[in-house]
Amino acid sequence: MRIVFVTDQLQNGGAERETAAFANELAELGQEVHIACFRDMASDYEIDPRIRLHRLLLVSRVNIPKVRVWFRWRRTLLELRNLRGDIILPISLPLSYFTCLWFAAFLSGAKILYVVRNNPEKRYTAKRENRRWKRAARRADGIWLQTEEQRIFFPESYAKKIFVVPNILTQRFLQIQRQERKAVFRFISVGRIHAQKNQKMLIEAFAKMAESTADPCTTLVIYGKALPECCQLEEELRSLIHKYHLEERIFLPGRIQEIEQCYAEADAFVFSSDYEGLPNALMEAMAAGLPCISTDCPTGPSTLITSGENGLLVPVGDVEAMARAMEYFVNHPQEASRMGAAARKKMQDWESQEELAGKLLENLRRICK
């Protein structure tokens, strides 16, 4: 089977990492795999040498804007058509690209998936975008979900073309060695700087927790990079830290490549998103054995955490509840350690990357029949 992944890039994101992971595993299973990128083909993730990479939206020398756009889309359409894929998997693309992808699939006889990597009802709130994602799902030959919970976004008539294959958990996170903690002082959070991640709420919750515990040793490190359009948000976060006089206790070091060491050194993990798909960072932290606190956002965290057993869930946007949860870990380190061990056990029982890739391939074959 010739499988064509289409993505914006292979850098700086959980969806991009999952693209690389599934593509590698499908190539390992003997499939012909292509990855077509609209931006830079440079990858933050290891790509199997059997996978062919393609650059789309080549630069046009024409200086007339409308003609240049037409020229670029035409080249993209021809490139995708010439790949002659059996199935096209678009992952984390702007909705405006789907018309071109649908025509490419039509001209080449390929099937096309709609891949859900986030919460579409929260992500696409504008009327035009809302219509676009629903149209893309309606036209798709199959719909790939990360969790069963995501079925709520689609009518029952779509049931036959929906399938669920969750994220691959990279095994190196299960290999992280952490010593048993007798105290909880160092909280970390991992995720790009974005309004969706609601780091403002996290900083306010930490400030409230720090005030109530009066413990100068607790710290919060938020790892993540702000994309160009979110640079203003990063400045707002730094201003908020300054407002609470927490410059020596809350840190924004940016994105870090070797995140495993950060998980190994941390005492607890906090996640404050307003909405998600199936968060990779939360899966990684649980695999490392960290006690985790997460907002119970739609969708994802409740698939991973049973509150009180292998972590804590708090209402979305609830500063008080997040502060209480962090304070609970500080005051009850043995309970935190127990939940961290249960979180690790949960991820040890997660399906292997070979099993998940096999499940995906089985569904792709079913759709292509």
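The values are calculated or read from the model by the stated rules, or taken from the named source; none is laboratory data. As the structure is a prediction and not an experimental result, all values here were calculated from the model. Here the Cβ is made from the backbone with ideal geometry for all residues, glycine too, and neighbour counts use every protein chain on show.
Below is a table of values for the structure above.
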| read-out | value |
| --- | --- |
| Count of the stretch 271-281 residues which are over 17 Å from Met322 (Cα atoms), of a type outside the set (A, V, I, L, M, F, W, C) and in a loop (DSSP other than H, G, I, E, B) | 3 |
| Leu237 being under 22 Å from the mean Cα position of the chain (by Cα), surrounded by fewer than 18 Cβ atoms within 10 Å (Cβ to Cβ) and free of Cβ contacts under 8 Å to residues at least 60 places away in the same chain | no |
| Selected residue (criterion: nearest to Phe98 (Cα to Cα)) from residues of the stretch 10-34 that are modelled with pLDDT of 80 or more and outside any helix (DSSP H, G or I) | His34 |
| Subset of the stretch 68-120 (residues that are of a type in the set (S, T, N, Q) and within 21 Å of the chain's Cα centre (by Cα)) | Ser92, Ser96, Asn118, Asn119 |
| Check on Ile250, among the β-branched types (Val, Ile, Thr) and within 29 Å of Gln171 (Cβ to Cβ) | no |
| Ser294 being crowded, with 19+ Cβ neighbours inside 10 Å, under 26 Å from Pro120 (Cβ atoms), assigned by TED's automatic domain parsing to the domain that holds Thr218 and within 20 Å of the chain's Cα centre (by Cα) | yes |
| The stretch 298-314: number of residues that are in a loop (DSSP other than H, G, I, E, B) and buried (at least 24 other Cβ atoms within 10 Å of the Cβ) | 4 |
| Residue list for the stretch 134-151, filter: surrounded by fewer than 19 Cβ atoms within 10 Å (Cβ to Cβ) and without any contact (Cβ under 8 Å) to a residue 60 or more places away in the chain | Lys134, Arg135, Arg138, Arg139, Arg151 |
| Among (1) polar (S, T, N, Q); (2) surrounded by 12 or more Cβ atoms within 10 Å (Cβ to Cβ); (3) out of contact with any helix residue (DSSP H, G or I) (no Cβ under 8 Å at 6 or more places or on another chain), the one test that Gln232 misses | (2) |
| Among residues of the stretch 220-270, those that are of a type outside the set (Val, Ile, Thr), in a helix (DSSP H, G or I) and within 22 Å of Pro291 (Cα to Cα), counted | 6 |
| Residue check, Ile168 assigned to a loop (DSSP other than H, G, I, E, B) and either surrounded by 16 or more Cβ atoms within 10 Å (Cβ to Cβ) or at negative phi (or both) | yes |
| Condition check for Leu360: assigned to a helix (DSSP H, G or I), assigned by TED's automatic domain parsing to the domain that holds Glu28 and either among the hydrophobic types (A, V, I, L, M, F, W, C) or modelled with pLDDT under 95 (or both) | yes |
| Filter pass, Pro216 being under 23 Å from Ala288 (Cα atoms) and not polar (S, T, N, Q) | no |
| Failed condition for Ala195, given (1) under 20 Å from Glu276 (Cβ atoms); (2) surrounded by 14 or more Cβ atoms within 10 Å (Cβ to Cβ) | (2) |
| Residues located in the stretch 35-90, provided they are among the aromatic types (Phe, Trp, Tyr) and either closer than 19 Å to Phe103 by Cα or modelled with pLDDT under 70 (or both) | Phe38, Trp70, Phe71, Trp73 |
| Test: residue in the stretch 166-176 that is of a type in the set (Phe, Trp, Tyr), at pLDDT 85 or above and more than 30 Å from Val221 (Cα to Cα) | no |
| Candidates Gly317, Gly289, filtered to the one that is of a type in the set (Gly, Ala, Ser) and either in a strand (DSSP E or B) or in contact with a Gly (Cβ under 9 Å, 6 or more places away or on another chain) (or both) | Gly289 |
